[in-house]
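S.K.: Got a structure for you, questions after.
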Amino acid sequence: MNKKKSANKAGIMGLVDHLGELRKRLVIVAITLAITCVVCFNFSHLIVNTLVDVAKSYGYKLIYLAPAELFMQYIKVTFIAGTICALPVILYQLWAFLKPGLNKKENRSILVGLFFGLICFGVGAYFSYIIVFPFMLSFFININMSAHVTASLSITNYISFVMTSLLTFGMIFEMPVVIAVLTKLGILKPEWLIQGRKVIIIIIFVICAIITPPDVVSQMMVAIPMILLFEISIRISQFLYKKKLKAQQE
């Protein structure tokens, strides 16, 4: 009876300690996010002006339809930029919170995955800004050319379009890292990806139809990189799985 009560007490204390650790991590994340947002707010007008200049270079005219509309875009850009700047700390706190419940191999896999995931996110966002975003602006301004219609965009719609593009491609480029980590942890096998290739490609096109504007060009600009990254992910998964089997045999 005493042993049972001691075990229950230990379990409760463990839960309390766990919640206390979570609270500490969340406080650190909140403080970091507040600091990065305050800093980024001082540069929000520069970020918005840079994005507006890109649109103007293709012949678009940016307008705002309500007195507070432009200011709200500064707030939106500040929060997104602040979150991205705080991402290393957020990911580290996530890893530190999960670390006690993981073994050495899982710890290393997740830490490496978070590191390369951060890099891949940056590469995806940069790819969108340099290649996809200018292509879409150029394509739409040319295909919609009319002597009777002026290409005027609401600043809200434009900033939403830009941020959606950057964040979408940032997350798309995470695919190889996610699949590599799942393979490394033994959760995913490459043959599952190969067998489900056709279904996954269909799912990719469905996702692209949901997250992109209702036109074929936008959907293809997102779908093609996703399919290429999926094929690369299969090769990475096969390599890691073979390496894992070889290590087990030895």
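The values are calculated or read from the model by the stated rules, or taken from the named source; none is laboratory data. Please read all numbers here as calculations on a predicted model, not as lab measurements. All Cβ positions, glycine included, derive from the backbone under ideal geometry; neighbour counts span all protein chains shown. Keep in mind that these areas ignore ligands, DNA and RNA; they rest on the heavy atoms of the full protein, side chains included. Shrake-Rupley method; radii C 1.70, N 1.55, O 1.52, S 1.80 Å.
S.K.: Keeping the other protein chains in place, figure out the carbon and sulfur percent of the accessible area of the stretch 71-227, with a 1.4 Å probe. Could you put the intermediate results ahead of the total?
M.R.: Values: 6520 of 8580 Å².
Solvent-exposed carbon and sulfur of the stretch 71-227 make up 76 percent of the total.
S.K.: Evaluate the distance, in nm, between pseudo-label points positioned 7 Å from the Cα of Ile141 and of Lys56 along their respective Cα→Cβ axes.
M.R.: Result: 1.2 nm between the two label points.
S.K.: Still on this structure: What is the set of long-range amide H partners of Leu62 at a cut-off below 5 Å, with H atoms built 1.01 Å from backbone N?
M.R.: HN-HN under 5 Å from Leu62: Leu153.
S.K.: Continuing with this model, one more query. Tell me, what HN-Hα J-couplings in whole Hz come from the Karplus equation 6.51 cos²θ - 1.76 cosθ + 1.60 at θ = phi - 60° for each residue of the stretch 47-60, using x for Gly and Pro?
M.R.: Listing the rounded values in order: 5, 5, 4, 5, 5, 5, 4, 5, 5, 4, 5, 9, x, 7 Hz.
S.K.: Now for a separate question. How many angstrom lie between the C-alpha centres of the stretch 143-196 and the stretch 23-87?
M.R.: 20 Å
S.K.: Could you list, in their original order, any pairs among Lys99/Lys243; Lys99/Lys198; Lys198/Lys242; Lys105/Lys189 whose Cα atoms are separated by more than 27 Å?
M.R.: Values: Lys99/Lys243 24 Å; Lys99/Lys198 36 Å; Lys198/Lys242 23 Å; Lys105/Lys189 18 Å.
Flagged as over cut-off: Lys99/Lys198.
S.K.: Rounded to the nearest 10 Å², what accessible area does Phe79 have for a 1.4 Å probe in the complete protein model?
M.R.: In the full protein context, Phe79 sits at about 120 Å².
S.K.: Still on this structure, I have one more. By a straight-distance test (C-alpha under 14 Å), which aspartates and glutamates pair with Lys61 as possible cross-link partners, with residues fewer than eight away in the same chain excluded?
M.R.: Asp53
S.K.: For the chain, take the longest principal axis of its alpha carbons; what is the angle in degrees between that and the long axis of helix 197-211, to the nearest 10 within 0 to 90?
M.R.: 50 degrees
S.K.: Among the aspartates and glutamates, which have Cα under 15 Å from the Cα of Lys184 when same-chain residues fewer than 8 positions away are ignored?
M.R.: The reachable aspartates and glutamates, counting only those whose Cα sits under 15 Å from Lys184, are Glu106.
S.K.: A further question on this structure: Just check the chain against the gyration tensor rule for me: Cα atoms, a ≥ b ≥ c as the square roots of the eigenvalues, rounded for a/c under 1.5, and otherwise prolate or oblate depending on whether a/b exceeds b/c. Kindly include the intermediate steps, with their values, before the conclusion.
M.R.: Values: a/c = 2.88, a/b = 1.47, b/c = 1.97.
Here the chain falls in the oblate category.
S.K.: Mind giving me the FRET efficiency for Ala30 and His148? R0 is 45 Å, r the Cβ-Cβ distance, nearest 0.05 is fine. Mind showing how you got there, number by number?
M.R.: Values: r = 51 Å, r/R0 = 1.14.
Efficiency computed from Cβ-Cβ geometry: 0.30.
S.K.: Right, here's the next one. Could you sort Trp192, Trp95 by their accessible area in this structure, using a 1.4 Å probe and putting the largest first? Don't skip to the end; give the middle numbers.
M.R.: Values: Trp192 130, Trp95 30 Å².
Accessible-area ranking of Trp192, Trp95, largest first: Trp192, Trp95.
S.K.: How high is the FRET efficiency between Ala66 and Lys246 when r is their beta carbon distance and R₀ equals 41 Å, given to the nearest 0.05?
M.R.: 0.10
S.K.: Can you tell which of Arg23, Arg197, Arg235 shows the greatest fluctuation in a Gaussian network model of the chain with Cα springs below 10 Å?
M.R.: The residue with the greatest mean-square fluctuation here is Arg23.
S.K.: Quick one: how many Å² of Leu111 are accessible to a 1.4 Å probe, rounded to 10?
M.R.: 80 Å²
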